[in-house]
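Rule-based calculations on the coordinates, nothing more; no lab input. Small disclaimer: the values here were computed from a predicted structure and weren't measured. Note: ideal-geometry Cβ built from the backbone for every residue, glycine included; neighbour counts use all protein chains shown.
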Amino acid sequence: MIWLIGNKDMLGSDVSRELVSRGLTTIGSDQEIDITDPAVIRDFARGREIRWIVNCATYTAVDRAEEEPEAASALNAEGVGNIAELAESIGARLIHISTDYVFDGYGTTPYMEDSPVNPVGVYGRTKAAGEKLALDRCSQVYILRTAWLFGPHGGNFVFTMLKVMKERDILKVVDDQIGSPTYTAHLAEAIASIVQADRKDYGIYHFTNQGQTTWFEFAKEIYKLGLDRGILTKPCTIEGCITQDFPTKAKRPAYSVLSKEKIKRVFGISIPSWQSGLKEFFDRLPEEDLR
Ligand SMILES: NC(=O)c1ccc[n+]([C@@H]2O[C@H](COP(=O)([O-])OP(=O)(O)OC[C@H]3O[C@@H](n4cnc5c(N)ncnc54)[C@H](OP(=O)(O)O)[C@@H]3O)[C@@H](O)[C@H]2O)c1
């Protein structure tokens, strides 16, 4: 039995879909089983023969985290520690999802799994603390760092861009942050593959779609596909700008490309480009009725 924690939102929905489509017996939970309470998760696990735990639950509000460090930490650090402790006590293997925001973004070449972490904001700091607790408390843990997620369930950059492109004639998008957009369904496939591989190569792995881009270039691709698919029906001029033009509470890494060589080598996973991910996402929109 696989226990998928955080099964209702952006990543969790696609992980659930993927595990079920592979015929893997899965039970899901979300807010109703609060990971910040060790007794609650212990009770939930009792008698269920859980062999794997996949944790997608998280506090993702990057800017709000600057004002609510305790709330972010309760989920991203202590909550993860609780899950790791439980996994260890019941002999389950744990896949925990983390982020490119554990890095400071001053790099210029892809970050490796063992590159030093140095988060520049509260969200990244709490995620880094969660990674450490997971590694300290669970001997059978996979930490999967990812970045720039988009998928049909939950708010994300693609939906925001489509909405704004419908409303405005001119749009400015930052062109000095570099990363790798990642389609949730592709990450979900990687997670399911790790479960099915049934190996013991625990540790930290990186998974994003292949390629790198800026938010501006990503927005242009969204615009092109939006027009092609008839989701956008009027012109919108997209202009590049710099991060300082849109000050935010939380600082973001300027460069957060992750090396994927380890996951490809160890698990034989082949990774599609972010452009393929975006096309597949658009293919799914009518099916998901999310236009
Ligand atoms: N989004 C990105 O661009 C991005 C980038 C890099 C890494 N990641 C990582 O990818 C993972 C998934 O992110 P996501 O964007 O899919 O997150 P998300 O959409 O915000 O989903 C998080 C889930 O956690 C649930 N949750 C909140 N508090 C909980 C609690 N106390 N107990 C149990 N569940 C709780 C949420 O429920 P409610 O919806 O009811 O609050 C939601 O279903 C996270 O580890 C995140 O750090 C995301």
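Counting only aspartates and glutamates at least 8 places from LYS262 when in the same chain, those with an alpha carbon closer than 15 Å to its own are GLU113, ASP114, ASP201. Can you return the lysines within cross-link range of LYS127? Criterion is Cα-Cα under 18 Å, with same-chain partners fewer than 8 residues away left out. Of all the lysines, those that pass the test against LYS127 - Cα under 18 Å, at least 8 places apart if same chain - are LYS249, LYS251. Each of SER89 and LYS249 was given a label point 7 Å from its Cα along the Cα-to-Cβ line. The distance between the two points is 3.4 nm. Across the range 27-152, Cα-Cα distances exceeding 23 Å account for 31% of all pairs.
With viscosity 0.692 mPa s and temperature 37 °C, the Kirkwood radius over alpha carbon pairs of the range 130-180 converts through Stokes-Einstein to a diffusion coefficient of 227 µm²/s.
Helix-only mean residue ellipticity at 222 nm, the chain, DSSP H runs n ≥ 4 weighted -39,500 (n - 2.57), per residue, nearest 500. What is it?
Working: 10 runs with 113 residues, N = 291.
Dividing the helical sum by the residues of the chain leaves -12000 deg cm²/dmol.
For the range 148-182, applying the loop criterion from DSSP together with a ceiling of 16 other beta carbons within 10 Å to the trypsin sites (Lys or Arg not before Pro) yields ARG168. Cross-link partners for LYS166 among the aspartates and glutamates, with Cα-Cα distance under 16 Å and sequence neighbours closer than 8 places in the same chain left out: GLU221, ASP228, GLU239.
Computed 3J(HN,Hα) for the range 244-251, one whole-Hz value per residue from the Karplus formula 6.51 cos²θ - 1.76 cosθ + 1.60 where θ = phi - 60°, is 5, 5, 10, x, 10, 4, 9, 6, glycine and proline marked x. Once both labels are modelled 7 Å past Cα along the beta-carbon direction, what's the ASP37-SER193 spacing in nm? Here the answer is 3.9 nm between the modelled labels.
For the chain, the relative contact order comes to 21 percent (Cα pairs under 8 Å, sequence separation of at least 6).
The calculated FRET efficiency for LYS234 paired with PHE157, based on their beta-carbon distance and R0 = 25 Å, is about 0.80. Remark on PHE103: its backbone amide H falls under 5 Å from those of ASN118, a criterion applied only to residues 5 or more positions apart or on other chains, H modelled at 1.01 Å from N. Pairs of C-alpha atoms in the range 165-291 farther apart than 23 Å represent 45 percent of all such pairs.
With a Cα-only, solvent-free Debye model of the chain, what are the log10 I(q)/I(0) values at q = 0.07, 0.12, 0.14 Å⁻¹? Once normalised to I(0) and log-transformed, intensities are -0.25, -0.76, -1.04.
Computed from backbone phi, the HN-Hα couplings of the range 138-147 come to 10, 7, 10, 10, 10, 9, 10, 8, 9, 7 Hz, rounded to whole numbers (Karplus: 6.51 cos²θ - 1.76 cosθ + 1.60, θ = phi - 60°; Gly and Pro given as x).
With 18 Å as the limit, the listed pairs LYS200/LYS264; LYS163/LYS220; LYS163/LYS234; LYS8/LYS132; LYS224/LYS260 have LYS8/LYS132; LYS224/LYS260 beyond it between alpha carbons.
With the biggest extent put first, the Cα atoms of the range 78-148 measure 41, 21, 20 Å across the principal axes.
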